[in-house]
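Okay, so here's the structure we're looking at.
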Amino acid sequence: MKQILQGLKNGRTELAEVPVPSVGARHVLIQTSRSLVSVGTERMLIDFGKAGWISKARQQPDKVRMVLEKVRTDGLLPTVEAVRNKLDQALPLGYCNVGHVVESGSAIHGFAPGERVVSNGAHAEYASVPINLTARIPDAVSDEHAAFTVLGAIGLQGIRLAEPTLGETVVVIGLGLIGLLGVQLLKANGCRVIGLDFDPDKLALARQFGAETIDLASGQDPVAGALSLTGQRGVDAVLICASTRSSDPVSQAARMCRKRGRIVLVGVTGLELSRAEFYEKELTFQVSCSYGPGRYDPAYEEGGRDYPLPFVRWTEQRNFEAVLGLMAEGRIAIEPLISHRFPIDSAIEAYDLIAQGRPALGVILTYPNKSPEHATRNVQTAQPVRQRVSAGASRPAVAFIGAGNYANAVLAPAFAEGGARLTSVASARGLTAFQIARKHGFAESTTDTESLFTNSEIDALVVSTRHDTHSELALRALRAGKHLFVEKPLCLTHDQLEAIREAYEEIGGGHPAPILTVGFNRRFAPHVKTVREALRAVNGPKAFTMTVNAGAIPAEHWTQDRTLGGGRIVGEACHFIDLLRDLADSKIEDARIAYLDDETRDTASITLGFADGSIGTIQYFANGSKTFPKERLEVFAAGGILQLDNFRKLRSFGWKNVRSHRLMRQDKGQKACAAAFVQAISEGGPPPIPMDQIFEVAAVSIALANQR
């Protein structure tokens, strides 16, 4: 399918051929008929992409601070690579989509194929959208007009926060599409409306919709004008829909408001507020969040859990429905807002028009009415996959399931450098798979994950999906006879672990057995190898201290969800349990954990006891400073100490034959881990990590996470 993408690095807009997305359990697959370009938002993205590095940095000072912190802890080269990887990603443009339902997810009832719906889907021939971000289109509303629903909902949510009452005077600053839709919504609410803008054509439209206007280009003082129109009493509320770095709109809004007036920011402005302007009038100021309640709540949007109507009357979906209802009643005029129409094949012309700053208001993209049978879930990006290699061959064929940031920045290049032939990469939405395939030379990108299990030409699968999917995918891969590399963790529960163990032992009875490994890369780091070699000469128990300055993750992040991510002990601390298990070279016989906060459970102290008498402590802390090194390992044994800082600097204290050494760049062993897996497949050798240790570390991690 065709989809419009925007390059962050160079600002280039392209019409790409990407796989049709798959349908999640709580999603609907929509075949697009119309989409609306949000000129203001999308022009900002284009301008940002075309800006130089210095300009990009000035626009995002918070990101610059994060980059500088990473340089201090990880070094310059890894930081530069991380920034480049981020900028290499192309963004999907668009969030005003209209079409008809092609397929509904297994957990959705009531949406039939062929129904017309509006959603916040992208500019693409097909969009997979969560059910709570879609709404049915009334028969009286055309597809073209319905494309304005999402922008209308943004304006409507700002108005709801302002709480205007019948007869109040409301100023709208900025008469772009949201501002002009806001004017009409306020008029439908029985308000007197004053519109402010520099563009005479937009001012004329606002007057056509019933607003009084103030022409900012004429030099007229907007505050004096608003006060004059209200008999010096001031306005009741101000809706700021402008997009500017200046703080003038906020200041003007404060000065034109009456005492106890309300100001709602819907657009983007500077926020240098004058306390005096707000204090003397006891003004309220609020920033409106997109389409309404539910926005950015994973449980509502991805989980499909609607808020109960008696308690949350207006969610983002119900705001969509309200806007569509007003359109159906003829209370919102859409036709005057349409300035241009382009077929999707000419989309680049539309974006050239926007980038050049030529006058444009509502830019509609139209899509051909093709049969869904022509849609493909596989896109070739390189040479076709060659025949499957046998044991002893040099380049095993490897496919990826999952195309997130880690797969893109770390795993794909590691496997390519390690000698794998990258064949297919699958993701649910298709776009991320397409981008990784194009960047790293995979033969194809796909949303048809099932085909990877049945393709006899694929030797091995790399699973890099969300944690809750690992166990199921691992079982399917093993039963399909594929070699398997699972990004940590292997699974989230003891039952899942037992099922994988049984499947592996059953299949492992054949010859040759499939190789299973988990991405515990730290045991493959060069400095860790040095430490391991030194410890082999030690007779007697060792003591380990692993300090992890993990950093805070919001409680609502999926990794903190015990059912989705497993929590940070299973999902992340397992790395360090494996590392100490490897260095101790002895079975873990005792494992205990103490939490600083039993609710968040992401700042903890783990103690391990090993069969040979060695002991280990893992201080996994989320409450520290980012300026401190993220990971520090200390080993005490035989009268000496080895200290490894951030997998970059190894210091030796009283340890013969081990010299202090600093790497030019951080190396956590990802490339060596991938290369060891590929080599084991090629040469028919043993798994890179002994299977008993993989199962042992998984069992210990799960048991620790369940301790109270």
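The values are calculated or read from the model by the stated rules, or taken from the named source; none is laboratory data. Treat the numbers as computed from the prediction; the structure is a model and nothing was measured. Neighbour counts are summed over all protein chains in view; Cβ atoms, including those assigned to glycine, are modelled from backbone coordinates with ideal geometry.
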Unique match (being surrounded by 13 or more Cβ atoms within 10 Å (Cβ to Cβ), among the β-branched types (Val, Ile, Thr), under 23 Å from the mean Cα position of the chain (by Cα) and not assigned by TED's automatic domain parsing to the domain that holds residue 32) among 268, 264: 268
Residue within segment 596-610 that is buried (at least 24 other Cβ atoms within 10 Å of the Cβ), farther than 19 Å from residue 634 by Cα and touching a helix residue (DSSP H, G or I) at 6+ places or on another chain (Cβ under 9 Å) present: yes
Top-ranked residue of segment 85-101 - restricted to ones that are modelled with pLDDT of 95 or more and assigned to a strand (DSSP E or B), ranked as nearest to the chain's Cα centre (by Cα): 97
One residue from 272, 282 being at pLDDT below 95, acidic (Asp, Glu) and either outside any helix (DSSP H, G or I) or under 21 Å from residue 180 (Cβ atoms) (or both): 272
Residue match in segment 662-678 (condition: at pLDDT below 95, exposed (fewer than 15 other Cβ atoms within 10 Å of the Cβ), over 19 Å from residue 521 (Cβ atoms) and in the same structural domain as residue 543 (by TED's automatic domain parsing)): yes
Count of segment 190-221 residues which are of a type in the set (D, E, K, R), in a loop (DSSP other than H, G, I, E, B) and over 40 Å from the mean Cα position of the chain (by Cα): 1
Residue, surrounded by the most Cβ atoms within 10 Å (Cβ to Cβ), within segment 87-96, restricted to residues that are closer than 14 Å to residue 6 by Cα and touching a Ser or Thr at 6+ places or on another chain (Cβ under 8 Å): 94
Members of segment 326-336 that are over 15 Å from residue 35 (Cβ atoms) and crowded, with 16+ Cβ neighbours inside 10 Å: 326, 327, 328, 332
So residue 626, is it among the charged types (D, E, K, R) and modelled with pLDDT of 95 or more: no
Residues within segment 97-116 that are crowded, with 24+ Cβ neighbours inside 10 Å and of a type in the set (Val, Ile, Thr), tallied: 1
Answer from 118, 150 - the residue that is part of a strand (DSSP E or B) and either without any contact (Cβ under 8 Å) to a residue 24 or more places away in the chain or of a type outside the set (Asp, Glu) (or both): 118
Selection status of residue 57, loosely packed, with under 15 Cβ neighbours inside 10 Å, at pLDDT 75 or above and not in a strand (DSSP E or B): no
Residue ID - surrounded by the most Cβ atoms within 10 Å (Cβ to Cβ), chosen from residues in segment 462-502 that are of a type in the set (Val, Ile, Thr) and over 19 Å from residue 400 (Cβ atoms): 500
Test: residue in segment 177-188 that is assigned by TED's automatic domain parsing to the domain that holds residue 161, in a helix (DSSP H, G or I), more than 28 Å from residue 330 (Cβ to Cβ) and under 33 Å from the mean Cα position of the chain (by Cα): no
Any hit, segment 122-129, residues being touching a helix residue (DSSP H, G or I) at 6+ places or on another chain (Cβ under 6 Å) and not in a helix (DSSP H, G or I): no
Scope segment 443-458; condition touching a residue at least 60 places away in the same chain (Cβ under 8 Å) and over 16 Å from residue 89 (Cβ atoms); matching residues: 443, 444, 446, 447, 448, 449, 451, 455, 456, 457, 458
Among the residues listed as 528, 538, the single one being surrounded by 23 or more Cβ atoms within 10 Å (Cβ to Cβ) and β-branched (Val, Ile, Thr): 528
Residues (out of contact with any helix residue (DSSP H, G or I) (no Cβ under 7 Å at 6 or more places or on another chain) and either under 22 Å from residue 184 (Cα atoms) or of a type in the set (Phe, Trp, Tyr) (or both)) located in segment 229-249: 229, 230, 236, 249
Residue within segment 18-26 that is at pLDDT below 95 and over 30 Å from residue 105 (Cβ atoms) present: no
Filter pass, residue 651 being in contact with a helix residue (DSSP H, G or I) (Cβ under 6 Å, 6 or more places away or on another chain), more than 21 Å from residue 518 (Cβ to Cβ), in the same structural domain as residue 582 (by TED's automatic domain parsing) and not β-branched (Val, Ile, Thr): no
Helices (runs of 4 or more DSSP H) (entirely within segment 477-592) containing at least 1 residues that are on the phi < 0 side of the Ramachandran plot and not assigned by TED's automatic domain parsing to the domain that holds residue 691: 494-507
Matching residues, segment 2-27, being under 15 Å from residue 447 (Cα atoms), within 18 Å of the chain's Cα centre (by Cα) and among the small types (Gly, Ala, Ser): 22, 24
